[in-house]
Every structure is written in C-alpha cells, then in structure tokens.
Amino acid sequence: MHMKTVLLMLGLALTFQARAQLFLTQTGETRFFSKAPLEDISAINKKTGAVLNTQNGDVVVRVPITEFQFPNKLMQEHFNENYLESDKFPYAMFRGKLQDVPDLSKPGSYDVSAKGSFDLHGVKLDRVLKGKLVVDGEKITLTSEFQVALVDHKIDIPKIVFQKIAETVDVRNTFVLVKK
Amino acid sequence: MKQTLIFLLAGGFFATPALAQDDLLNNLDPAKPKTTTTATFKGTRLINGHTVETVRGKTLDFLISHRFGRLNSGVDNFYGMDEATIRLGLEYGINDRLTVGIGRSSVQKTVDLYLKYRLLRQAGQGSPVSITLFGSDAIVTEPTRQNAAAVLYYNNGERQNWTGQVLIARKFSEKFSLQVTPGIVVLGKPEAAPKTVASVGIGGRYKVSKRVSVNAEYFARFLSEADRFTAPGGAKTYNVFAVGVDIETGGHVFQLHFTNSQGMIEKQFLTQATGDFFKGDINYGFNISRTFSFDRKTKKAAAW
C-alpha cells in the first residue's frame, strides 16, 4: 500500500478514536426546586444538552433557560423576564473537567466530581460539582445535585413579593448520555 | 510527502487535546433563536381595557378590581373612599390562545361573559404586531323595576350589551409596548340616539424597572357632542382616560390607577363614564390578579 494512504488511514483512525470517546444527550433533564412559604416552586427542563469526553474527562452542559417548564406559566414568564433575563442570557453553562477520570469502559457506578466554570445569568463562578456516573452498556447516566445561591449570580429577589423565594435553589440533573 | 506525514501525525495526535470544552459544545444542536415575543404587557388588562395578553393554557386567573368614588368629592366622602364599585372575575385559558371569562360588576349588577382569541403573535422573524380578538356580552341583572312606577327593562334583549374589539399591539422594546384598540359596543337599551358606539383606544406601558411599569390609556369615541348622553338616565358621558402603574410580584400583578370611570368593563367605561378626567373627576382604583395553574402534567413532571 502507498505510504500516503496508510498515513491517511492512520490519521483518520486516530481522529475517529478521539471522536468515539464522546457521550452526549440533547434531552437531558434539569430541574430546580425552591422552598417558598405559600407554594414550593419547581420547574423542569428536558432540553439540556450535555457532552462528556470519557477519555480526558472534559464535560460541557448547556441549559436553555426558556425551556424550563413551570406549572404556573405566569411564574415562568416572570422567571424569564425578570429573574434570569433569558433574552440577555439564554443559557446556563458548565464547562469543566472530571477531577479523576474512572475507567468508563467497564460497567459500574462511579462517584465523580467536576471542576470548572459555571455560568448563570452572565456570572461565571469556578465550582466543583459532585455527581455520579453509571455505565451501563452503551449509555452512561450522569446525575448531579447541587445548590445555586441566587445572590452569587446577581439574580435579585424583589422586595415586595407574596411568593418569597428561597435565596438558595436546589438543582438536580439527570443526563442519559449515549455514544456519539 | 514529509509535510503530509507531519500534518497527518500532528492531526492525529493533537486531535484529542484540541477537543476542549468549546469544541465539545459543537456536538450539540446549534442554539435556536427565540421566536415569539412574550410579555408585551404584564397583565390581561392594561388599566380598564383588555391587552393582547391571554391567560396561558390550563391556567385560571382570579381578578379583583375596585374603583372608588371621585377624588374631588370632598372630605365628607373621604375623597371617594366611601363608595366603591367592585368587579370579581375569573378567566380560564382553554389553551394558550383561547380564553373564556366571566365577571360580575356591582355597577347595575352586571354579569359579563367573554371570549378572547390570540390571532397573531409578534415574532422576531414574523409578524410585527400581536393581534387578539375580543368579544363580550354584558348582561345587566338589576331589577326590572326601579320603583313601583318605572320599568327599566321590558325584555331580556334590552339587558344584553355586546362588545367586539380588535386588540393590536407591538412590543417596541423590552420597556415600551403600545396598543391600538378599535371596537364597538352595541347597547341593548340605549339611553340616547346611538345604539352602537364605536371607539378606538390607544394605550401603552413603559417599564421603569424590571418589575414596575407605568401605563396610560385613552379611548376616543366616535360620538357627536349631542350623542354623548349615553349613561343610565341620560347623563352626559366623557371619553375614558387612565394612568397607572403595574407592580409585578412573582405570580401576582398589582395595578394601581387613576381614571374617570367607575365601570370596569367595556360597556361601562365606554358608555357610562360620567366624569371628566381633565376637570378633576378622577377615581382611584386597583386590579389584583392571582394565577392558579391546573397543568397537572407539568406539575407532576416538575415535582422534586
């Protein structure tokens, strides 16, 4: 075989191998919960995008803010218009790296933590988020639960409210990642 | 040949480290731009009149509105606070476009039934305006006889008052929205010559902060000076003007305002406003709305 062809195939193989390490979803679930005296506030987003590179542990999560579904649509409108200002800041984003990358080629459950930058409402914070990876055949399920302090992200809570919102919101993610 | 080799090797070996987080992002579907304009106004009422906004699907809105007496009625009347008219209303979103509503006003014990349909939504790449259609029947349920002598209504037809309006609005910016409202009111028992009163309303809001907006609204009626005696008993009426503020408190909207009408539905503020705003016949009033959701599916899905 011609040398050039061999090298080209080698190059392609390497590139393919690198690509094959990606696990992703476009329909990840992100939900949040806020304790309020009158009525607890919760919303769900089923359009979260997440990509994990199982080789080097790079991870990216993108949450479209307007896709959060609230049972109370007026609350949803206020959430977009006044709290998260989704016109200006359409996404929440996490860009990070797993601190220790387990061998994800073997089925099992692995506790992991990812260190990186969490961008919400235009404010980026360095955070370490804990989670769990469950490897099951062709899919990896990533779950993660953490808290967001609204003041850290310059999300103001109005002074006059019936529905007083907790200053810290619980966030839970469930991503079923499949091999790209 | 050598160059190709270096290039390919470089490509092969550096592909992995080069897959930084931003490149990872490229594996996701590209970001979709926001399509339709939302929150042209904070509520389904600007002040007296309806806005293009409809209640969202499976959502019930409970509205409590008050208009007090005239501010210029003196200290004996506590500047209008002694007398109040009230309207209680419920409106339900069959879906995001269609709203059905019912209200009861203390003015002439009126029950109003209405339908509101969102025909067109303003969109970045589409329509420059939002259009909503509004139709209502205001049924006067006060007693037939005012006293032993006077008969006010001879049949049920005289108690029905129909309104049709086309609400056309544009959100010009995050802060500023404007609405034009042409429409007609057909009276069941006209006091003066015209049975049909045509009008055009113009109103707008300007957001002074994230949660507070200043609103103003004026309805011009196509009535000659001689035809303006449309109020019960044949009293002279004026075009309705109103200024107010909206304060949004997360799930609620408070509206506080000054206007020259004690009636809070179209038939009343377009044909029964006997005060002249610009001569000081001003009534203080407020609307409060509270939204309840019956969207069990989302509630269940979003449960923690």
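For segment A:52-180, the equivalent ellipsoid derived from the Cα gyration tensor has semi-axes of 31, 15, 13 Å, listed largest first. The phi torsions of segment A:133-149, fed into the Karplus equation with coefficients 6.51, -1.76 and 1.60 and a -60° offset, translate into couplings of 10, 10, 8, 9, x, 8, 10, 10, 9, 9, 10, 8, 10, 7, 10, 10, 8 Hz, rounded to whole numbers, with Gly and Pro shown as x.
Counting only Cβ charges, +1 for Lys and Arg and -1 for Asp and Glu, the dipole size of the protein assembly as shown around its Cα centre is about 840 debye.
The C-alpha atoms of chain A define a longest principal axis, and helix A:3-19 lies at about 30 degrees to it.
Ordered by solvent-accessible area of protein heavy atoms (1.4 Å probe), largest first, the residues A:Tyr91, B:Tyr153 come out as A:Tyr91, B:Tyr153. Taking amide H as placed 1.01 Å from N in the peptide plane, the amide H of B:Ala273 sits under 5 Å from that of B:Tyr238, each at least 5 places away or on another chain.
For B:Phe176, the accessible area of its heavy atoms, probed at 1.4 Å with every protein chain present, is near 70 square angstrom.
A simple charge model with +1 on the Cβ of Lys and Arg, -1 on the Cβ of Asp and Glu and nothing else charged puts the dipole of segment A:21-179 at about 180 debye relative to its Cα centre. Applying a DSSP loop filter and a limit of 16 other Cβ atoms within 10 Å to the trypsin sites (Lys or Arg not before Pro) in segment B:162-195 leaves B:Lys175, B:Lys195.
Residues whose amide H lies under 5 Å from that of A:Lys124, counting only those 5 or more places away or on a different chain, are absent; hydrogens are built 1.01 Å from N in the peptide plane. Evaluating 6.51 cos²θ - 1.76 cosθ + 1.60 at θ = phi - 60° for every residue in segment B:179-190, the Karplus couplings come out as 10, 10, 10, x, x, 9, 10, 10, 8, x, 9, x Hz, glycine and proline recorded as x. The magnitude of the dipole of chain B, with charges of +1 and -1 set on the Cβ of Lys/Arg and Asp/Glu and taken from the Cα centre, is near 700 debye. Among residues other than B:Lys189 with Cβ under 15 Å from its Cβ, the summed charge is +1 (Lys and Arg +1, Asp and Glu -1). When all protein chains stay in place and ligands, DNA and RNA are ignored, the 1.4 Å accessible-area order of B:Glu248, B:Glu225, A:Glu29, largest first, is B:Glu225, A:Glu29, B:Glu248. Our helix-only sum for chain B, with -39,500 (n - 2.57) per DSSP H run of n ≥ 4 divided by its residues, gives a mean residue ellipticity at 222 nm of -3000 deg cm²/dmol. When peptides B:130-143, A:41-54 are ranked by their average number of other Cβ atoms within 10 Å per residue, the highest-first order is A:41-54, B:130-143.
In terms of accessible area, using a 1.4 Å probe and ignoring ligands and nucleic acids, A:Lys124, B:Lys109 rank largest first as A:Lys124, B:Lys109.
The values are calculated or read from the model by the stated rules, or taken from the named source; none is laboratory data. All values derive from a computational prediction rather than experimental measurement. In this analysis, Cβ positions are derived from the backbone assuming ideal geometry, glycine residues included, and neighbour counts consider all displayed protein chains. Remember, those area values only see protein heavy atoms, side chains included, never the ligands or the DNA or RNA. Shrake-Rupley method; radii C 1.70, N 1.55, O 1.52, S 1.80 Å.
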